[in-house]
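Reviewing the structure listed below.
The values are calculated or read from the model by the stated rules, or taken from the named source; none is laboratory data. Treat the numbers as computed from the prediction; the structure is a model and nothing was measured. We place every Cβ from the backbone using ideal geometry, glycine too, and count neighbours over all the protein chains shown. Just the protein is used for accessible areas: all its heavy atoms, side chains included, with ligands, DNA and RNA removed. Shrake-Rupley method; radii C 1.70, N 1.55, O 1.52, S 1.80 Å.
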Amino acid sequence: MLEVEHLSAWYGRTQALFDVSFSLQTGRCMALVGTNGAGKTTTIRSVLGLIRTSGGIRIEGEVSERLATPKRVRRHRIAAVHEGRGLLKQLSVFENIVVGLPKSAYDRLEEALELFPALKSRLADPVTLLSGGQQQMVALARAVVERPKLLLLDEPSLGLAPGIVDEIYGHLSKLRASGLTMLLVEQNIARARDFADDLCLIQTGRSAFTVRATDDAAVAGLMRLAFNQDQIAHQPLA
Ligand code: ATP
């Protein structure tokens, strides 16, 4: 579904990615893990074509660099749930889910509500009245109505209580069971290991290590590498 090879990316003149490579097979979930500022969100933005990149991004076997974001997401049916959810605060739950969707596709709302039944009674409410967990469900429902082949998820658990995070991951499991391919950013490596098929550690703009989540020894090695870097990063200056 997605192949990223020696990817570099820039914000203006500032280089944020230097060498990121990984491959995501159809129907699988890859979790990008690593510390703050490592380049996980930038990798997601690069796949979407939102920033300047060089190197290789192939989606469904097609070179994507020259394809602008709107064409890229339509052609390959990519949906993204960004960090902070990206909801439109002045709109209702219903409006947030269907915004941009042609009226002829409004029946897909039913499919989304099957997955997130808690939203059924809240459709007319301003989205800001919902809890953080429910707002995350709205953002996921918004993605689901696009009937994506590839879902990009940036820190779906950010700012949520642990019990609510379990609930959100329960919903994500249902999406995975439907065969959806996912690229997920998750800071919590243990959670990423429990949910994803593969883990890719991003460090200082580079993909340091990619492992199968079921390979305990490799995951332990990835964690050691990640936490050692953390300790180095958090050493007080002498
Ligand atoms: P976090 O979990 O904190 O979001 P991350 O791994 O997703 O971390 P990125 O947000 O991808 O990290 O940031 C990678 C690097 O790019 C960091 O050095 C960051 O300061 C820089 N960066 C991110 N967004 C911008 C921007 N809009 N303009 C300039 N630099 C940016």
Study note, to complete from the structure: Picking from 81, 127, 138, 93, the residue that is of a type outside the set (Ser, Thr, Tyr) and touching a strand residue (DSSP E or B) at 6+ places or on another chain (Cβ under 6 Å) would be 81
**Study point:** Every residue from segment 36-70 that is assigned to a loop (DSSP other than H, G, I, E, B) and either open to solvent by 50 Å² or more (accessible area, probe 1.4 Å) or not assigned by TED's automatic domain parsing to the domain that holds residue 154 (or both)
**Key:** 36, 37, 50, 60, 61, 65, 66, 68
Exercise for review: Output the residues belonging to segment 73-110 that are β-branched (Val, Ile, Thr) and farther than 30 Å from residue 57 by Cβ.
Suggested key: 93
Review point. Is it fair to say residue 159 is at pLDDT 90 or above and assigned by TED's automatic domain parsing to the domain that holds residue 213?
Key: no
Study note, to complete from the structure: Exception for residue 200 within (1) within 16 Å of the ligand (Cβ to nearest atom); (2) closer than 18 Å to residue 81 by Cα; (3) at pLDDT 95 or above falls at (2)
**Study point:** helices (runs of 4 or more DSSP H) wholly inside segment 81-165 that include at least 3 residues being open to solvent by less than 10 Å² (accessible area, probe 1.4 Å)
**Key:** 93-98, 132-144
**Study point:** Residue list for segment 8-26, restricted to those being within 11 Å of the ligand (Cβ to nearest atom), among the β-branched types (Val, Ile, Thr) and in contact with a Lys or Arg (Cβ under 9 Å, 6 or more places away or on another chain)
**Key:** 20
Check your understanding: Which residue out of 87, 32 is at negative phi, away from the ligand (no atom under 16 Å from the Cβ) and in contact with a helix residue (DSSP H, G or I) (Cβ under 8 Å, 6 or more places away or on another chain)?
Key -> 87
Practice item. Would you please name the residue that is nearest to residue 149 (Cα to Cα), looking only at residues in segment 13-31 that are touching a residue at least 12 places away in the same chain (Cβ under 8 Å) and among the hydroxyl-bearing types (Ser, Thr, Tyr)? Key: 26
Review point. What is the residue count in segment 19-54 for residues that are within 19 Å of residue 74 (Cβ to Cβ) and within 13 Å of the chain's Cα centre (by Cα)?
Key: 5
Review point. Restricting attention to segment 69-90, does a residue exist that is in contact (Cβ under 8 Å) with a residue 60 or more places away in the chain, closer than 26 Å to residue 223 by Cβ and β-branched (Val, Ile, Thr)?
Key: yes
Study note, to complete from the structure: Expected output for segment 167-189 (first residue within 13 Å of the ligand (Cβ to nearest atom), partner among the hydroxyl-bearing types (Ser, Thr, Tyr), Cβ below 9 Å, 6+ apart or cross-chain) is 183/43; 185/41; 185/43; 186/157; 187/35; 187/157; 188/157
